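Written below as structure tokens is the structure these notes are about.
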Amino acid sequence: MVDAPPRTILLAAPRGFCAGVDRAIKIVELALDACGPPVYVRHAIVHNTHVVADLEAKGAVFVEHEDEVPEGGLVVFSAHGVPPQVRERATQLGLQMLDATCPLVTKVHYEARHYAEQGYDIVLVGHEGHQEVIGTMGHAPAGAIHLVETPEDVASVSVRDPDRVAYISQTTLSVDDANRVIGALRERFPNARGPRGDDICYATQNRQDATRVLAQRADLVLVVGSETSSNSKRMVEVALDHGAQAAYLIDDADAIDPLWLTGVDTVGLTSGASAPDLLVQGVIDALQALPRGARVEPLEVVDEQMHFALPAALHRLPLTN
């Protein structure tokens, strides 16, 4: 019997941390360096269990409400953004604040305020309960913003004037899904206004584009990311929608079911925008450690070069040593 050759691991690029996630994590780390622990973070700074655990080990304390932060404490707002009422409450409580909101989410907040000031009914395409959606909805008056998730939801939207409708999107949606909803919106409201360009963030688009290629070339697609990560979950959906025989979301190498690998010669490997590359390397190591072994073949779909500046407020933090 001839031994099977090593599996091929198609390693997608880009993958892993986007500029917004990298910036948010650096903000917490630099705040810990400057002020010492504890530094409080409102909600998970990014949606990845390993990132949160690592920052907790360094002294970050994660809370779900600003009221949980002691008076005078330092609170960091997560990359997903917060409603204006959160900042107002933090000010009332005398808290120091650092804003780690992704600049691309901040752009959507601006769009919501702009359309609201112009008297438009705003349709937000997104997932109910997601932290980014909660934050964005807070930037328009109650009743002015309507949340939809599917094309079917569009039919139930009630607006004051069908000629004064605008739409915005959660940044981490499936590009295909968002376009289907926007298509239904434009069909019902032909004069609907949208943002210049796409609200779906560049990193989400790039990772989904790379996943489409993996789906066409691999027998199995593995996406490293947490269940709480919207963009990671969407990547699995994209893989299945574009031809992958099987695709799974895994938190790390320990989540791999050996049965998934039966009859698999090529594994497509990528990761969501909030997953550390260390976890991807762990998956590679695990696949290479199997009796059959594995070789890595890079698959660069987009050369991603994006960086976001850190907030100026970091430079005003006191040092403890």
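Rule-based calculations on the coordinates, nothing more; no lab input. These numbers were taken from a predicted model, which means no experiment stands behind them. When we count neighbours, we look across all protein chains shown, and the Cβ atoms used for this are built from the backbone with ideal geometry, even at glycine.
Here are the numbers for this structure:
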| item | result |
| --- | --- |
| At R0 = 56 Å, FRET efficiency that the Cβ-Cβ distance of ASP67 and ASP3 yields, to 0.05 | 0.35 |
| Helix-only CD estimate at 222 nm, as mean residue ellipticity for the chain, using -39500 (n - 2.57) per DSSP H run (n ≥ 4) | -11000 deg cm²/dmol |
| Relative contact order (%) - criterion: Cα under 8 Å, at least six apart; region: the chain | 26 |
| C-alpha center-to-center spacing [region 216-272, region 107-123] in angstrom | 36 |
| LEU147 long-range amide H proximity, modeled H, under 5 Å | LEU124 |
| Residues PHE189, PHE308 arranged by fewest to most Cβ contacts within 10 Å | PHE308, PHE189 |
| Span from the region 169-191 Cα centroid across to the region 39-63 one, whole angstrom | 33 |
| Least to most buried among MET306, MET97 (fewest other Cβ within 10 Å first) | MET306, MET97 |
| At most 12 other Cβ within 10 Å, DSSP loop - trypsin sites (Lys or Arg not before Pro), region 157-191 | ARG160 |
| Estimated distance in nm for a label pair at ASN191 and ARG292, the labels positioned 7 Å out from Cα along Cα-to-Cβ | 6.0 |
| For LEU95, residues with placed amide H under 5 Å, excluding near neighbours | GLY72 |
| Förster radius 25 Å - calculated FRET efficiency between GLU227 and GLN92 (Cβ-Cβ, nearest 0.05) | 0.15 |
